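Following: one structure in structure tokens, then a few remarks.
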Amino acid sequence: MASTPTTDAEWSSVISSFEKSLTVDESKKYPAPAPGLEDFNKTIDHTLLKLDATAEQFDKLLEEAKQEKFATVCVRPPEVAKCVSSLKGTGVAVASVIGFHEGTYSLDHKLSETTLSLSSGALELDTVLNYPSLQSASYTSIFTELTALRSAAPSPVKLKLILETSQLERSQIIAASVLAGVAGYDFIKTSTGFNGQGATSENVRLMRACCEKVVQDGLREEKFGKMEVKASGGVRTLKDAVEMLEAGASRLGTSGGIGIVKEAREGKGSGEVVDKGAY
């Protein structure tokens with residue numbers, strides 16, 4: 001991009017042009033790691049975000065993550081330090097949610113949570129988009145917030161933007177994807193899992209197409225590399241997981257990871273919920 005837009009009107013023009021030239025191959029299936037292998041487990045963020053979660057539930061989460069070698073455990077900021085200590089040397093990282101789950105917290109609040117999470121050892125941050133601002137096309141204020149958070153959490157921290165797709169129209173998903181891409185986010189993520197419908201293959205496929213086009217169109221600085229998709233919300237079975245990966249996700253957020261890998265290990269794919277979680 002020759003220069004970054006500085007007004008809502010300029011952003012609207014960039015986003016409109018992007019959308020008009022965007023194509024999505026609804027039949028395309030992306031290659032996915034074979035279920036039952038460690039590479040498959042490494043697509044999973046093992047998640048516990050319930051406010052009433054107990055110490056015993058966190059202990060169980062950590063032991064499961066160690067055993068299955070998941071990519072991360074995803075928790076709230078106050079739980080990060082304990083998780084980092086427990087997972088030291090295991091290869092399992094800790095992800096923290098920021099502005100969860102509403103996304104409408106002030107930037108100062110989100111920066112405070114970012115500082116706490118990073119100082120406690122988090123390597124990944126899942127930040128919630130202020131989607132009401134997106135719905136009102138306040139693109140400049142959104143981009144200002146996104147770049148402030150990216151500056152506070154520079155690479156190699158992996159930064160994900162939760163779009164809350166259940167609350168957005170197709171054009172708004174595209175707009176959010178463009179803003180995240182230009183701001184240097186590493187992932188765009190479908191949902192918090194706490195507000196309406198979770199991930200759908202249609203939205204994942206759309207988001208993956210946006211990720212690829214942001215790079216192809218030169219809207220994203222080369223130093224940021226590619227942008228990926230995380231599917232979350234309602235991913236509870238092996239069938240769900242494979243569907244999301246084949247639609248273009250490379251990471252899955254779920255509290256049902258143990259049930260999913262159990263299905264994979266047993267060679268099942270019926271879609272039966274083995275261990276239904278809240279996320």
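The values are calculated or read from the model by the stated rules, or taken from the named source; none is laboratory data. None of the values given here were measured: they were computed from a predicted structure. For neighbour counting, all protein chains shown are included, and Cβ atoms are generated from backbone atoms with ideal geometry for every residue, glycine included.
Scanning region 133-159 for residues that are over 29 Å from VAL94 (Cβ atoms) and not polar (S, T, N, Q) yields ALA137, TYR139. Selection over region 1-48 of residues that are surrounded by 14 or more Cβ atoms within 10 Å (Cβ to Cβ), outside any helix (DSSP H, G or I) and without any contact (Cβ under 8 Å) to a residue 40 or more places away in the chain gives a count of 1. Mind checking which pairs have a first residue in region 143-172 that is without any contact (Cβ under 8 Å) to a residue 40 or more places away in the chain and part of a loop (DSSP other than H, G, I, E, B) and a second that is buried (at least 16 other Cβ atoms within 10 Å of the Cβ) and of a type in the set (Ser, Thr, Tyr), Cβ under 6 Å, 6 or more apart or different chains? Going by the 6 Å Cβ cut-off, the qualifying pairs are ALA153/THR114. Under the condition of being assigned to a helix (DSSP H, G or I) and among the hydroxyl-bearing types (Ser, Thr, Tyr), the residues counted in region 173-188 number 1.
Just to be sure I understand the filter: pairs with C-beta atoms under 7 Å, separated by 6 or more residues or on different chains, first member in region 193-211 and closer than 20 Å to CYS74 by Cβ and among the β-branched types (Val, Ile, Thr), second member part of a helix (DSSP H, G or I) and modelled with pLDDT of 95 or more. Which pairs pass? Listed by first residue and then by second, the contacts come to VAL204/MET244; VAL204/ALA247. Scanning region 220-279 for residues that are modelled with pLDDT of 95 or more and acidic (Asp, Glu) turns up GLU221, GLU222, GLU228, ASP240, GLU243, GLU246, GLU263. Restricting to region 83-127, count the residues that are among the aromatic types (Phe, Trp, Tyr) and under 16 Å from LEU48 (Cβ atoms). So the count comes out to 1. Tell me, please, whether a residue that is of a type in the set (D, E, K, R), out of contact with any Leu (no Cβ under 9 Å at 6 or more places or on another chain), part of a loop (DSSP other than H, G, I, E, B) and closer than 21 Å to ALA231 by Cβ can be found in region 85-92. Within region 85-92, not a single residue is of a type in the set (D, E, K, R), out of contact with any Leu (no Cβ under 9 Å at 6 or more places or on another chain), part of a loop (DSSP other than H, G, I, E, B) and closer than 21 Å to ALA231 by Cβ. The condition of being in contact with a Lys or Arg (Cβ under 7 Å, 6 or more places away or on another chain) and small (Gly, Ala, Ser) holds for only one of ALA9, ALA2, ALA81, ALA71, that being ALA71.
In this structure, does THR72 turn out to be surrounded by 23 or more Cβ atoms within 10 Å (Cβ to Cβ) and of a type in the set (S, T, N, Q)? Give the derivation first.
Numbers: surrounded by 23 or more Cβ atoms within 10 Å (Cβ to Cβ): yes; of a type in the set (S, T, N, Q): yes.
Yes.
Residues in region 131-172 that are more than 22 Å from HIS109 (Cβ to Cβ) and surrounded by fewer than 21 Cβ atoms within 10 Å (Cβ to Cβ): ALA137, SER155, PRO156, SER166, LEU168, GLU169, ARG170, SER171, GLN172.
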